[in-house]
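See below for the structure under consideration.
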Amino acid sequence: MASTKEAQKDAYDLILDAIDTGLYGPGDRLVESELAERFGMSRTPIREALQRLETQSMLTRTGRSLIVASLDHGQLADLYIVRAELEGLAARLAAQHATPEEVRVLHAMVDHDLGLVNDPRLLARANRRFHKQLHLASHNRYLIDQLELVHRSMALLATTSLAADGRGVQALEEHRGIVTAIEKGAGDAAAEALKKHLSFAFETRLKLDAGEVEANR
Ligand SMILES: [Zn+2]
């Protein structure tokens, strides 16, 4: 029984990763036999993982096919509201609880990511790593778990706001400001900087979707 459970967890994580890294995007069809072959697994754990992802609304059914779900405008706005409050809280707690080592890691991430500004795909991945590291610095297990769920839903966005021309450099400057506030132990400023960062990201995404700014791919 235990081995089946393990295999199921693996298939679930592998499929989530594939969505998260953009291998499968919103609207793409997921076929049990193809996934089984790709991951070198039998079809049973794949089927169970697909069912689980469907109940979590990560996948939707059209006819007999399962496709990767996409977020409509209202869902996107709702997600950003929750994300801003939860991440603002994470930044506030990080300002109280982050160790000097954690602060140095966050600074080093910003330094490193400056080298990626011309590659929106890599930058989007680096951005997720930065935010995840910031969640961990909050040292609050329940908050970290909730933010994991929010970020999983973010994987259902087909584009990254970091693909907008000039947004990469600006976003990294905002990351720097957030880390500096955390370093100073300034909880209010850290939370405020983080909420502003997400507000700019959301605004950029809306402009991208409206075709008002150029995507740099
Ligand atoms: Zn960011």
For this session: Once you've got the GNM for the chain with C-alpha springs shorter than 10 Å, pick whichever of Ser138, Ser153, Ser65 has the biggest mean-square fluctuation.
Result: Ser65
For this session: Keeping all protein chains in position, work out how much accessible area Val169 exposes to a 1.4 Å probe, and write it in Å² to the nearest 10.
Result: 70
Exercise. Which ³J(HN,Hα) values, rounded to whole Hz and listed in residue order, are derived for the range 91-97 from phi using the Karplus coefficients 6.51, -1.76 and 1.60 in 6.51 cos²θ - 1.76 cosθ + 1.60 with θ = phi - 60°, glycine and proline given as x?
Worked result: 5, 4, 5, 5, 4, 8, 10
For this session: Return one number: the angle in degrees, 0 to 90 and rounded to the nearest 10, between the long axis of the Cα atoms of helix 167-183 and the longest principal axis of the Cα atoms of the chain.
Result: 60
For this session: Among Gly74, Gly187, Gly115, determine the one that fluctuates most according to a GNM of the chain built with springs between C-alpha atoms less than 10 Å apart.
Result: Gly74
For this session: In whole angstrom, note down how far apart the Cα centers of the range 32-104 and the range 152-217 are.
Result: 19
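Work out the length of the dipole vector of the range 38-83 about its Cα centre, built from +1 on the beta-carbon of each Lys and Arg and -1 on the beta-carbon of each Asp and Glu, and round it to the nearest 20 debye. Numbers along the way, then the final one.
Numbers: 7 positive and 4 negative charges, 61 e Å.
It works out to roughly 300 debye.
Do any trypsin sites (Lys or Arg not before Pro) in the range 84-193 lie in a DSSP loop with no more than 14 other beta carbon atoms within 10 Å, and if so, which? List each step's numbers first, then the result.
On the way: sites: Arg92, Arg104, Arg121, Arg125, Arg128, Arg129, Lys132, Arg141, Arg152, Arg167, Arg176, Lys184; in loops: Lys184.
Those satisfying the criteria are Lys184.
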Seminar exercise, completed: Mean-square fluctuation maximum in Gaussian network of the chain, Cα pairs under 10 Å, restricted to Ala186, Ala155, Ala137, hits Ala186
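Leaving ligands, DNA and RNA out of it, report the carbon-plus-sulfur percent of the accessible area of the chain at a 1.4 Å probe.
Answer for the chain: carbon and sulfur cover 51 percent of the accessible area.
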Exercise. How many lysine pairs in the chain, separated by 8 or more positions in sequence or lying on different chains, have Cα atoms less than 19 Å apart?
Worked result: 6
Exercise. How far is helix 100-113 tilted, in degrees, relative to the longest principal axis of the Cα atoms in the chain, given as a value from 0 to 90 rounded to the nearest 10?
Worked result: 70
Exercise. Using modelled backbone amide H atoms (1.01 Å from N, in-plane), which distant-in-sequence or interchain residues come within less than 5 Å of Val213's amide H?
Worked result: Leu208
For this session: Mind pulling the angle between the C-alpha long axis of helix 141-154 and the longest principal axis of the chain? Nearest 10 degrees, somewhere in 0 to 90.
Result: 70
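The values are calculated or read from the model by the stated rules, or taken from the named source; none is laboratory data. Because the structure is a prediction, the values reported are computed rather than measured. Ideal geometry is used to build each Cβ from the backbone, glycine not excepted, and the neighbour counts take in all protein chains shown. The accessibility values were calculated without ligands, DNA or RNA, using every heavy atom of the protein model including side chains. Shrake-Rupley method; radii C 1.70, N 1.55, O 1.52, S 1.80 Å.
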